[in-house]
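Reading through the structure tokens given below for one structure.
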Amino acid sequence: MAITLKDVAERAGVSRSAVSRTFTPGASVSAKTREKVEQAARELGYHPNALASSLTTGRTKLIGLVSNNFHNPVFLQVFDLFTRALQDKGLRPLLVNLSDEVDPTQSVRMLRQYSVDGVVVASSTLPPSFAEAFRDAGIPVVNSFGRPTAAPRVTVVGIDNVEAGRLAARTLIARGYGRVGFMGGPETATSSQDRLAGFAAVISACPAVTMTYSFAGAYSYEAGRREMARLVADTPAEAYFCGDDVLSIGALSALQDSGLSVPGDIGLIGLNDMEMAGWENIGLTTIRQPIPEIVRASIDLIVALLADPTRPTEARVLPCTLITRRTLR
């Protein structure tokens, strides 16, 4: 039979309320009583029931981790970092898959049913209004990989995607490419819009360089492969900023199947610097998005919001860097 709080109290020779206080963070209990209770718990193999504890404290320690792009391998790293970091803080992640979902109503309803203490929306494709819906429902929220603004309605942690687009354009110009292309993810994604805006601004200021742009249906390998196969069937550019590593790897596959070499015939530059980008058979030149740093900042901010839900919102922007490998001449 399961060991109960009553069993521990009888073994320790204390009241049940004393046992409860011992396992309640911040509760008042003498050092002598705590020692007796903890020893009795060890001897009996007792572990506090987290769900029962939440009824006492009013806190579930559940953090909803919401994302909508499970087709992009980079999110395996994102989820790994988030879940481990939350657990290290004594919090419990509740992973929510919102693939193909754009209406936050159902997600807010579901997470309220689970009585989550807070939410992290980890997505660069969901509109800002998605994270805002959680705040409007009174749930502390951080939007990771979101679009930073001067006065955000929710706390945002991410990169300056406009500057990332500028960096990609400057890199292609410096490598001597005269016809360049932007192959982004979904056209409605703020990350696609901002990366294109920065890319186009730099190219337009360089009269010797021309550009085209197009969008893949998703941030996925298959979407990148399909879009590049369509592009090479016409008149392809000399180099492409693919806006995401997984799109770039799909594009690389399509180019190889078309008998074209990279970078001999066409150059590629991605964004993220996910683990696969550095594999020997890929060697993708890319713009590193500091994912571990974004996750750490997001965790720190959600913990701060749990401690003070009235904390002012902020936009925390982290820098990107160019990682040079083999897909540009």
Subject >> Filter result for the condition that a residue is modelled with pLDDT under 90, in contact with a helix residue (DSSP H, G or I) (Cβ under 7 Å, 6 or more places away or on another chain) and of a type in the set (A, V, I, L, M), over L126, L98 >> reply: L98
**OP:** Check A197 against each of (1) surrounded by fewer than 18 Cβ atoms within 10 Å (Cβ to Cβ); (2) modelled with pLDDT of 95 or more; (3) more than 23 Å from the chain's Cα centre (by Cα) and name the one condition it does not meet.
**Re:** (3)
**OP:** Having 3 or more residues that are in contact with a Phe, Trp or Tyr (Cβ under 8 Å, 6 or more places away or on another chain) and closer than 26 Å to A315 by Cα is the bar; report the helices (runs of 4 or more DSSP H) wholly within segment 115-220 that clear it.
**Re:** 161-174, 190-204
**OP:** Please specify each residue of segment 232-252 satisfying the condition of being more than 21 Å from G283 (Cβ to Cβ) and either buried (at least 23 other Cβ atoms within 10 Å of the Cβ) or in contact (Cβ under 8 Å) with a residue 40 or more places away in the chain (or both).
**Re:** none
**OP:** Provide a single number: the residues in segment 68-78 that are over 13 Å from I291 (Cβ atoms) and either in a helix (DSSP H, G or I) or not aromatic (F, W, Y) (or both).
**Re:** 3
Subject >> Filter result for the condition that a residue is assigned to a strand (DSSP E or B), modelled with pLDDT of 85 or more and under 20 Å from E293 (Cα atoms), over L81, L86, L65 >> reply: L65
Original post:
Can you find even one residue in segment 125-138 that is crowded, with 23+ Cβ neighbours inside 10 Å and under 14 Å from the mean Cα position of the chain (by Cα)?
Top reply: yes
Original post:
In this structure, does L86 turn out to be touching a Pro at 6+ places or on another chain (Cβ under 9 Å) and hydrophobic (A, V, I, L, M, F, W, C)?
Top reply: yes
**OP:** Can you tell me which residue among G267, G181, G224 is touching a Gly at 6+ places or on another chain (Cβ under 8 Å), under 21 Å from R325 (Cβ atoms) and either surrounded by fewer than 22 Cβ atoms within 10 Å (Cβ to Cβ) or not polar (S, T, N, Q) (or both)?
**Re:** G224
Original post:
From the list G185, G165, which one is under 23 Å from F79 (Cβ atoms) and touching a strand residue (DSSP E or B) at 6+ places or on another chain (Cβ under 9 Å)?
Top reply: G185
Original post:
With respect to D273, is the statement that it is under 17 Å from the mean Cα position of the chain (by Cα) and at positive phi true?
Top reply: yes
Original post:
Restricting the search to segment 157-176, which residues are of a type in the set (K, R) and over 16 Å from A237 (Cβ atoms)?
Top reply: R166, R170
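The values are calculated or read from the model by the stated rules, or taken from the named source; none is laboratory data. It should be emphasised that the depicted structure is a prediction, and the values quoted were computed from it without experimental measurement. Glycine also receives a Cβ, built like all others from the backbone with ideal geometry; neighbour counts cover every protein chain displayed.
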